[in-house]
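Here the structure comes first, spelled out in structure tokens, and everything after it is commentary.
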Amino acid sequence: MKLTMFCLFSAITLFSYWLRYINLQHLKRHGSIVPEGFEGAIDEEKLRRSSAYTFDSSRLGLWDSLFDNALLILFLFGGLVTTYDRYVSTLSSSSIISAILFFLLLSWASTLFGIPFDLYGTFRIEARYGFNTTTIRLWIVDFLKSQAIGALLLALLITVVFQLIEWSPKSWWLWVWGFMALFGLFMMFISPYVIEPLFNKFEPVTEEGLEDEIRIMMEKAGLKVGRVMQMDASRRSKHSNAYFTGIGKVKRIVLFDTLIKQMSHGEIVAVLAHEIGHWKKGHIWKRLLWAEIMALAGSWIGFKLLSWQGVPGLLGLPGDISLPARMVVLGFVASLVLFPLGPFSAWRSRCHEREADRFASDLTGKPEDLASALVKMSAENLSNLFPHPLYAALYYSHPPAVERVRTLRELIPTRTD
């Protein structure tokens, strides 16, 4: 069975690398042609930089993936997980503390190994293409904050989960699912006001007249939002974006200050109308519902399999490994079994994005504004405008930018004199 799992892992990994290869080859063949509708915003020099940025980012991602997969093979298939598990068990006689240490130390090790790739991506690649604005000091501060918050939340989650397992050994799967669902909702409520301000400064939109235009559009959509804020994203990067955050009465709109500088008011309103489309079309609750259904099923299946003595044997490990180690093994096997669901999730997401584009066009009555915004974002962010169709079908959560712009411009009414 260990050989079977290794072959399955290898096949999936090689398939993903092949997809990466054909995607870059597709870009080589088509990356010098300015797409229809992008004239004026993108020229041959911009396309050259866009292609180079895609290649450099992909190359870094490949090395990062190769390194991670090598460690994973050593850890799981090489048996290091058993040595690690036995070492952690000597650190405490408490099963809960041992579980916290098991996952916390593993998380820290994974983060530590990823630091060189993160630093190179930020201070070499992002800086080379004019995106990076962060400093080493700010990077370190962000890193320490994120690690502290992550460790605190992880310790809390592991403590409650393993206490529930000890309290209700025959039905813990249901209690754990319920707790995780409530915790996720709780984080959606507090994150905009407790966690996000630890990293960025948020303030009311200062662009004259913009907030009024946004609120008029919001009222037309029948949606109330607490506040329209702008975020100092330019402290770290010149990439632009906008998003909704929070849930219920605490939801609010956040605009990157870089986006405000790059776009007209009409384009910004169109981008936000697209985000509103996700709310009005029910995409948010549909995604939450789907995630919770999958989590509930996963909790029950995990409960059944974790009590099966054959789980460690799937990777050729001894049967006396701890529950946390069994969870890691089961999580790895589940990632292989659930691999086919990735393309399905990507397809569902692209359907939602198309619906949101159409909603924004109907709401504003100006599909050209959203099309123009997408063109500008693609140009400013040096996006890959020529993904391979198969790569995009399997991985893209949004339709390719060229397709979205073409579809939007087909919605523009034809003037007749």
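Numbers at a glance
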{"item": "Top-ranked residue of region 182-228 - restricted to ones that are within 19 Å of LYS280 (Cβ to Cβ) and in contact (Cβ under 8 Å) with a residue 60 or more places away in the chain, ranked as surrounded by the fewest Cβ atoms within 10 Å (Cβ to Cβ)", "result": "LYS220"}
{"item": "The one condition in (1) within 30 Å of PHE9 (Cβ to Cβ); (2) modelled with pLDDT of 95 or more that ILE140 fails to fulfil", "result": "(1)"}
{"item": "Pick from region 317-328, criterion surrounded by 16 or more Cβ atoms within 10 Å (Cβ to Cβ) and more than 31 Å from the chain's Cα centre (by Cα), ranking: farthest from LEU101 (Cα to Cα)", "result": "LEU317"}
{"item": "First in region 89-117 and free of Cβ contacts under 8 Å to residues at least 12 places away in the same chain and part of a helix (DSSP H, G or I), second anywhere and surrounded by fewer than 14 Cβ atoms within 10 Å (Cβ to Cβ) and of a type in the set (A, V, I, L, M), Cβ under 9 Å, 6 or more apart", "result": "ILE97/LEU91"}
{"item": "In region 303-316, residue farthest from LEU101 (Cα to Cα) [restricted to those that are assigned to a helix (DSSP H, G or I) and without any contact (Cβ under 8 Å) to a residue 24 or more places away in the chain]", "result": "LYS304"}
{"item": "Matching entry among SER299, SER335 (being among the polar types (S, T, N, Q), in a helix (DSSP H, G or I) and touching a Leu at 6+ places or on another chain (Cβ under 8 Å))", "result": "SER299"}
{"item": "Some residue of region 151-170 being without any contact (Cβ under 8 Å) to a residue 40 or more places away in the chain, farther than 30 Å from ILE301 by Cβ and loosely packed, with under 14 Cβ neighbours inside 10 Å", "result": "no"}
{"item": "Residues (surrounded by 13 or more Cβ atoms within 10 Å (Cβ to Cβ) and not charged (D, E, K, R)) located in region 136-150", "result": "LEU138, TRP139, VAL141, PHE143, SER146, GLN147, ILE149, GLY150"}
{"item": "Matching residues in region 282-304 - criterion: being of a type outside the set (A, V, I, L, M, F, W, C), over 10 Å from TRP177 (Cα atoms), under 20 Å from the mean Cα position of the chain (by Cα) and surrounded by 14 or more Cβ atoms within 10 Å (Cβ to Cβ)", "result": "HIS283, ARG287"}
{"item": "Complete set of residues in region 32-60 that are in contact with a Lys or Arg (Cβ under 8 Å, 6 or more places away or on another chain) and of a type outside the set (Ser, Thr, Tyr)", "result": "GLU36, GLY37, ALA41, ASP56"}
{"item": "Checklist (1) out of contact with any strand residue (DSSP E or B) (no Cβ under 9 Å at 6 or more places or on another chain); (2) of a type in the set (S, T, N, Q); (3) assigned to a helix (DSSP H, G or I) applied to SER50, failing item", "result": "(1)"}
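A quick yes/no check of all residues on (1) surrounded by fewer than 16 Cβ atoms within 10 Å (Cβ to Cβ); (2) under 18 Å from HIS26 (Cβ atoms); (3) in contact with a helix residue (DSSP H, G or I) (Cβ under 6 Å, 6 or more places away or on another chain); (4) modelled with pLDDT under 90:
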{"residue": "TRP347", "(1), (2), (3), (4)": "yes, no, no, no"}
{"residue": "CYS351", "(1), (2), (3), (4)": "yes, no, no, no"}
{"residue": "SER372", "(1), (2), (3), (4)": "no, no, yes, no"}
{"residue": "LEU385", "(1), (2), (3), (4)": "no, yes, yes, no"}
{"residue": "PRO389", "(1), (2), (3), (4)": "yes, yes, no, no"}
{"residue": "THR407", "(1), (2), (3), (4)": "no, no, no, no"}
{"residue": "ARG415", "(1), (2), (3), (4)": "yes, no, no, yes"}
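The values are calculated or read from the model by the stated rules, or taken from the named source; none is laboratory data. Quick caveat, the model's predicted, so the values are computed rather than measured. Using ideal geometry, Cβ is built from the backbone for each residue, glycine included, and neighbour counts are taken over all protein chains shown.
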